[in-house]
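Contents: one structure, followed by commentary.
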Amino acid sequence: MKRVSFVLDGQFRELEADPELSVLSLLRDDLGCLGVRPGCLMGRCGSCTVLVDNRPIQSCSAPVWSIDGRTVATVAGAEPGSWLARVREVFLEEQAAQCGYCVNGIVTTVAGLLANSPVPDRDHLLKHLDEHHLCRCGAHVRMLRAIDRLLDEAHRGAAA
Amino acid sequence: MKELPANLIANPKLSQWFDIDRSHVTICSGKVELGQGIETAMAIVAASELRLDVSQISIGRVDTGHAPNEGYTAGSFSIEHGGSALRVAAAMTRELFAEAAATRLGARPEDLIVEDGRFRAPGRNEFISYGDLADSVDLDVDARSRPFPRLLGIGEIDEKTHRRDLPGKLGGGAYIQDIRLPGMLFGRVLRPHSPNLRLRELNETAVALHPGVIKVVVRNGFAGVVAKRDEQALEAVERLRQTARWEKVFDLPEDNEEQSWIDSLAVKPTIIEEPQPARLPGRRKKASFSRPYLLHASIGPTCAVAAWDEGKLTVYSHTQGVYPLRAQLARVLGFDLSDVTVIHAHGSGCYGHNGADDVALDAALLAQAVGVPVMVMWSRTDELTWSPHAAAMRVQVEATQDEQGAIIDWAYHVKSTPHLARPGMGTAPNLLAATELGFRDEVQETPAPREKTNFKIADRGGDRNARPIYALPRLSLLHSELPQGPLRSSAMRGLGAHLNVFAIESFMDELALDAGRDPLEFRLAHLQDERAVAVLKAAADLGNWQPGEAGGEGRGRGLGLARYKGTGAYYACVVTVEVDETVRLVSVHGAVDAGHVVHKDGVLNQIEGGIIQSASWTLKERAGWNEDGFSVKGWDDYPIMGFTEIPHIETRVLRNSEPSVGVGEAAAGPVAAGIGNAVAHALGVRIRTMPITRERIFKMLMEG
């Protein structure tokens, strides 16, 4: 066991934990962050994605020691005004989900990438999504609609 | 609609459908939310008859204690059967409340106006709401004793309501995996790596000192571990796996792309339309089509939570049918029905009979062994190996054309592994752990053709959409369903429709080409169903179909058309592809006729999802086996369609006043067919074996 500390959704956390435990298990089973979802536990489907220092990370494959001293953000705890909150809002406006299981992870990754400077282009963003996320219901059409709106906002924001 | 819907007759008390108190109107449907948006559609149906704003409707829990028994949420029947029953129940409820309101207001019930959930007499400003009347209206009334109500909501199409479950799902705590009961432990199960193996022995002591392990449960061929934490149970199961010895219970045939092993396991066909005795003179053509086993491959893990309390079992499940699951759990565990409660909880996307029912029994067995609540999740490998697959299928079709190309004879034989092996269907429990416990499994069962009351025509799953939509003068139709194939298989979105429509529509294009006729004109010449004509013309118009458009040069266009099950929604599409080394789906322009549409965005969402999932099956997916057992054990073995592969999709929703039907499965067959036809148009070579991969294209081009 090791003492680790990090900021989770804006709150400072310090606790004893197995440093090799997955961030997914810590967040869900020790800290009650149930918006972070278990998926394949193989680092492929992306449903467990969280932001660590604004970078999307698959929490099933990340050990607890890797978030020590860092900032972790999840969709369910998205802070007002953050890209995470905005991406979630636009996904809801576009009804960009069917079962919704994969969507928190996808929202998280899109938010992490849009916060980058320079803002990624569409091809880069979609390629990244294909490498790190899966959706089985086929809600992609709506997600793409949401992503296009968000890319437009991000590029306009960067230009301003 | 003037007759009481069957689901209302089966659940006749209005109190089974509605719970209205001073501050809430709660609907109780037996149809469950699977990601398809049915809760929202049901709320819209109820609101439109009660004349309430949809935001004032709450959704009741679907469980075996309270909900009406509407069987499975399957077959695209939720709107057609469940929605129509709820609509009539809602209208009757409104009329009961109107009678109570009329007494209070001193008016005749038929004169009252109801708006925003409030009744008033014409020309008066006194309002009385459902809540005001809740204490004086008894909903414990038998619908069969009431006059058929006036339906006020028929014809209204909702274009604004957002899915009510999505804000929670884009948050935390919405899914079955998020249930946390006091004292709950976590279980994982151990299953073999090959479909023909069964557990013989295990060294339970191997994990006795493993951190967190509470108990190893071994009962005949069933084995699982209960631990304090999920990751501990998972690690312990993998350690136990190293000590497991398996025994072979049957020999596997050799898997192949054309699924010709199905022929080697031949069974006597069911005759749906008698073979014709003599051949007619004319140009004859025949072909074979096939589809491999496919996987549900939901993103979230299959999961259940079970809790025993004084000999009574409560199970949380993302099953498609709480009542059928309860019956089989009680049977396998040897309990009375009244001792088992199944509560539906939202899961990851459900496209048919997946592992949800199986894991419910897993959880019940593990919870029984430790006496406290247990959550069981399946691993990704469990999902991709042991959950029921979509059936492997093979079709042989032969047709004769006259000199003008008109089809004068059609003979069709579809063979498949089981499409309908849900819990309780046939004589076996059809729960995986039940088989491991020693219950007779599906292998030994010979399913009789099901004359399902839910269907207007006989349905055996594999023959779904085997009957062409076209008016053909002579038709022979045979169906051979193996009692069991090498892999478990059961219902997945569209069932037999995926291959049957692919085969029929591919063959229609081949026949059109042979006759030198345009595929659209050729179809229209063989169609008598006016709704099919309308939907095909609408799709052709939206997709700007050009008769005689030249194919080749790597770009092609193809048509697909079907009416799901022969009685459900019509869908037609124009698919455009570009083919170089692989097939790139460029666009799918389609039209759907689902009768009276309740929730337009819900229809569009289901059609879009159906298109993408069917395209993924058709172009990329295949499950099978090899000398090491299951050939798919992780996502790397089973690629599915991603963001960079999504085509441009446009869908025209036709409007009419025909009865509402579901759309979740309507696109599966036509899209596969449209892709197959577009690829043939692009390449000049017909691929009749799914999936249409790069390797298969190379092979076909090499063979010329």
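Just so you know, all these numbers are worked out from the coordinates, no wet-lab data involved. Since the model is a prediction, treat every value here as computed from it, not as a measurement. Virtual Cβ from ideal backbone geometry, glycine too; neighbours counted across all protein chains shown.
What the table shows:
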item: Inter-chain Cβ neighbour average for residues B:653-660, partner chain, 10 Å; result: 0
item: Relative contact order (%) - criterion: Cα under 8 Å, at least six apart; region: region B:1-58; result: 26
item: Exposed GluC sites (Glu not before Pro) absent - longest run of chain B, DSSP non-H/G/I/E/B, at most 15 other C-beta within 10 Å; result: B:4-125
item: Per DSSP, loop trypsin sites (Lys or Arg not before Pro) in region B:1-104 with at most 16 further Cβ within 10 Å; result: B:Lys2, B:Arg22, B:Arg61
item: Radius, Kirkwood style, for region B:141-289 when every pair of distinct Cα atoms is counted (Å); result: 23.0
item: Estimated [θ] at 222 nm from DSSP helical runs (n ≥ 4, -39500 (n - 2.57)) normalised by residues in chain B, nearest 500; result: -8000 deg cm²/dmol
item: Three-way shape call for the protein assembly as shown based on the alpha-carbon gyration tensor, with the a/c threshold at 1.5; result: rounded
item: Inter-chain Cβ neighbour average for residues B:608-614, partner chain, 10 Å; result: 5
item: Over chain A, relative contact order from alpha-carbon pairs under 8 Å, at least 6 apart, %; result: 23
item: Aspartates and glutamates whose Cα lies under 16 Å from that of B:Lys169, excluding same-chain neighbours fewer than 8 positions away; result: A:Glu89, A:Glu93, A:Glu94, B:Glu33, B:Glu39, B:Asp178
item: Relative contact order computed over region B:107-191 (Cα-Cα under 8 Å; 6+ residues apart), in percent; result: 10
item: Under 22 Å from B:Lys2, Cα to Cα: lysines that are on another chain or at least 8 residues apart; result: B:Lys13, B:Lys456
item: Candidate lysines - alpha carbon under 24 Å from B:Lys215, same-chain residues fewer than 8 apart omitted; result: B:Lys228, B:Lys312
item: For region B:1-128, alpha-carbon Rg relative to the globular expectation (2.2 N^0.38 Å, N residues); result: 1.09
item: Derived scalar couplings ³J(HN,Hα) [region B:156-171; Karplus, 6.51 cos²θ - 1.76 cosθ + 1.60; whole Hz; x for Gly, Pro]; result: 7, 10, 7, 10, 10, 6, 8, 4, 6, 8, 6, x, x, 6, 8, x
item: Tail weight of P(r) past 19 Å, computed on alpha-carbon pairs of region B:580-704, percent; result: 55
item: Pairwise FRET efficiency - A:Glu79 versus A:Ala160, Cβ, R0 = 25 Å, nearest 0.05; result: 0.70
item: Under the Karplus curve 6.51 cos²θ - 1.76 cosθ + 1.60, θ = phi - 60°, whole-Hz ³J(HN,Hα) for region B:180-189, x wherever Gly or Pro sits; result: 10, 8, x, x, 5, 10, 10, x, 9, 10
item: Amide hydrogen neighbours beyond the local backbone of B:Phe18, cut-off 5 Å, H modeled; result: B:Cys28
item: Average partner coverage of B:430-438, which counts Cβ from other chains inside 10 Å; result: 0
item: DSSP-defined antiparallel bridges as percent of all bridges, chain B, nearest 5; result: 75
item: Overall form of chain B per C-alpha gyration tensor (a/c, 1.5; a/b vs b/c); result: oblate
item: Cβ-placed point charges (K, R +1; D, E -1), dipole of region B:37-86 about Cα centre in debye, nearest 20; result: 60
item: Which listed pairs, of B:Lys248/B:Lys699; A:Lys127/B:Lys620; B:Lys600/B:Lys620; B:Lys620/B:Lys699; B:Lys537/B:Lys600, have C-alpha distances above 25 Å, in listed order; result: B:Lys248/B:Lys699; B:Lys600/B:Lys620
item: Note, ³J(HN,Hα) from phi for region B:465-480, Karplus 6.51, -1.76, 1.60, rounded to Hz, x at Gly and Pro; result: 6, 6, 7, x, 6, 8, 7, 10, x, 10, 9, 10, 9, 10, 9, 10
item: Between region B:575-597 and region B:35-108, the Cα center-to-center distance that results, in Å; result: 35
item: Folded to 0 to 90 degrees: helix A:103-114 orientation relative to chain A principal axis, Cα; result: 80
